[in-house]
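Engineer: Before I ask anything, let me first share the structure, which is written out below as structure tokens.
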Amino acid sequence: MTKMSRQTDTQPDRFLFIDGLRGVASMMVVFFHMALVLSDAVKSWFPAWLEILFSRGRLGVDVFFVLSGFVIAYSIRNGAHTFQYLGKYALRRSIRLDPPLWAAILLEILVIQVSLYFYPDLGTKIPTLREVLVNFTYLQEMLHVRNVVDAFWSLTYEVQFYFISVAFLVVVRLLRRWDARIPWSKVFAYSMMTVAYAYSIAIYHELVPTPMRGIFLERWFQFFLGVMVLAVVQRKLGLRVFVLAWTICLASTLVAAPSGYRLESSLCSLIVSALILWVGYTGRMASLLRDNVSQFLGRISYSLYLVHLIIGWRFAALMKRLAGNELSVITGISVFVGSVAVSVFAAWLMYRMLEAPSLRLARKIKLPRDSD
């Protein structure tokens, strides 16, 4: 029996490597933003190579997208995919995600009010009621509404990934009733997955226009790479099929992707998916990134993503204001470390006080399982 099959047979509740990689991705985003807010104050001495490295921290979001595909596919793999399942799943995700998000939005409004009280010259715009309500429902990108916090743009895609994935499986299950001589459900499933994957790549690489800003198809290929990796690891998809799909994306990336972020994010998604596949194939899901720091950061990664701009960015901006427009080496490093530290601490508090209780409550909603 291979390492891969042993891991698949045991069906672990947690993939420690995935949890740890989520923590790494969250810190990539934090480092990127904390370095960005300090960039003008430390440019006289900050090494160019380190600036380039930190600037790639924005790719942490793309890592999240691939991880989401892997994790969501795993979590719904044995579900009885009916409309009842879809409703319960949506409710469960809402309970899991909404309270921390809503709290972060209200915290942002409070922080803005306090900042304007002490520094009226900041001129920070207070979110309108419409902006708050639209952000509450993750629709800001689709409705062209300002993000209350800049980092919240990715949540629009994440929530669509969750809903579309389960809704797709519901449709496939309904089509099974017509499976007789021709397996229509499989024909539909494979056709739609192939078209959606190729269309998503074409949209992202600007080969075709997007049908709507903020629609899931703009990022679907990244999510689907994670889905395919899980399928290969669990021996439900042939490795050759994955390699073909992966190579198609790579070819499009190298030939057609616009230079800059879209090129880098596409390559990042391909590298991360290949890395996860290698870790799964070699049976290292429970051994790599299992250290306490990575697991802790993975646990609080959602809260950290939500609050790091609200708390950490503001801390760094305040220190810049108090210390002057140019920071010395010692002061700059201290402010950077401090901004990261307060971000992590604030995220830990949110996790303990709100996210963890929400997660426990969400788990009480039992999803129907397939009896096949």
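Engineer: Of Pro258, Val187, Val208, which is farthest on the positive side of the dipole of segment 139-261, counting Cα position, with +1 on Lys and Arg Cβ, -1 on Asp and Glu Cβ, and the Cα centre as origin?
Structural biologist: Working it through, the farthest residue towards the positive pole turns out to be Val187.
Engineer: Sorted by average packing, counted as other Cβ atoms within 10 angstrom per residue and highest first, what order do 33-40, 355-362, 154-161 take?
Structural biologist: 154-161, 33-40, 355-362
Engineer: Hey, what did segment 192-311 get for relative contact order, percent, Cα under 8 Å, at least 6 apart?
Structural biologist: Numbers: 73 pairs, mean separation 28.9, N = 120.
In percent, rounded to a whole number, it is 24.
Engineer: Only four residue types carry charge here, +1 at the Cβ of Lys and Arg and -1 at the Cβ of Asp and Glu. Report the dipole size of the chain about the Cα centre in Debye, rounded to the nearest 20. Mind showing how you got there, number by number?
Structural biologist: Numbers: 38 positive and 22 negative charges, 283 e Å.
For the chain, the charge dipole is close to 1360 debye.
Engineer: How long are the semi-axes of the ellipsoid equivalent to segment 229-372, from square roots of 5 times the Cα gyration tensor eigenvalues, in whole Å, largest first?
Structural biologist: Ellipsoid semi-axes (Å, largest first): 37, 26, 14.
Engineer: Which of these values of log10 I(q)/I(0) by the Debye sum over Cα atoms at q = 0.08, 0.12, 0.13, 0.15 Å⁻¹ was calculated from the structure shown: (i) -0.50, -1.00, -1.12, -1.32; (ii) -0.44, -0.99, -1.17, -1.52; (iii) -0.38, -0.90, -1.07, -1.47?
Structural biologist: It is the value labelled (ii).
Engineer: Could you tell me the calculated FRET efficiency between Tyr261 and Val195, based on Cβ-Cβ distance and R0 = 30 angstrom, to the nearest 0.05?
Structural biologist: Calculated transfer efficiency: 0.75.
Engineer: If packing is taken as the average number of other Cβ atoms within 10 Å across a peptide's residues, how do 123-129, 318-324 rank, most packed first?
Structural biologist: 318-324, 123-129
Engineer: By how many nm would the segment from Leu174 to Val111 grow when fully extended, if each residue of separation counts as 0.36 nm and the alpha-carbon distance is taken off?
Structural biologist: The span from Leu174 to Val111 would gain 17.8 nm if fully extended.
Engineer: Another one. How much length is gained if the chain between Ile330 and Ala274 is pulled fully straight, taking 0.36 nm per residue apart and subtracting their Cα-Cα distance, in nm to one decimal?
Structural biologist: This chain segment gains 16.2 nm when fully extended.
Engineer: Additional query: Subtract the Cα-Cα distance of Arg284 and Trp49 from 0.36 nm times their separation in residues, and report this length gain in nm to one decimal. Mind dumping the intermediate values first?
Structural biologist: Values: separation 235, 0.36 × 235 = 84.60 nm, distance 3.15 nm.
In short, 81.5 nm is gained.
Engineer: At a 10 Å Cβ-Cβ cut-off, how would you order Cys268, Cys249, fewest neighbours first?
Structural biologist: With the sparsest Cβ surroundings first, the list reads Cys268, Cys249.
None of the figures in this text is laboratory data; all of them are computed from the coordinates on show. Treat the numbers as computed from the prediction; the structure is a model and nothing was measured. For neighbour counting, all protein chains shown are included, and Cβ atoms are generated from backbone atoms with ideal geometry for every residue, glycine included.
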